[in-house]
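Bear in mind that the values in this text are calculations on the coordinates, not laboratory data. These numbers come from a predicted model, not from an experiment.
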Amino acid sequence: MTDKKDLTPIIQSVVDGDRDKFVSSFDDSIKNRISQKLAVKHYETSKNILDKENKPTEENFVSKLDFLESENQKEIKLNDGNVIIINEKEANNLLRLYKSLNNNNQESMSNDIFESKDNYERILELSKENNHVN
């Protein structure tokens with residue numbers, strides 16, 4: 001919901017016919033709204049990640065490997081500081097492997113895969129073997 005104070009400078013700039021003030025006020029208003037929405041999303045995401053009762057699930061794991069329709073690959077920063085690039089084929093192999101595991105192994109995979117480059121590469125190789133990919 002929009003705060004009335006947020007609209008006051010915009011409305012006043014229209015009344016005054018001040019185009020520059022309108023553009024500036026409108027820009028500030030949009031940035032403020034986006035920041036507020038991002039803050040809420042960051043809080044919700046952090047809460048879900050840090051919630052000890054929220055065990056790794058397929059949805060959590062899949063969200064890390066989620067690709068926008070326009071992307072063919074995704075850059076992910078690992079917990080050890082390394083950055084990897086996962087392409088769509090690798091992501092699909094990893095998801096197939098994940099779905100083939102029992103609950104305990106799904107949890108282990110979900111916890112381990114993004115810890116280090118070595119862990120990622122080891123699990124990626126396992127996913128290729130599981131999916132009979134060279």
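Here the extension length gained between residue 31 and residue 76 equals 13.6 nm, from 0.36 nm per residue of separation less the Cα-Cα distance. Pairs with C-alpha atoms separated by more than 27 Å, drawn from the list 41/128; 74/128; 41/77; 74/117; 37/128, are 41/128; 37/128.
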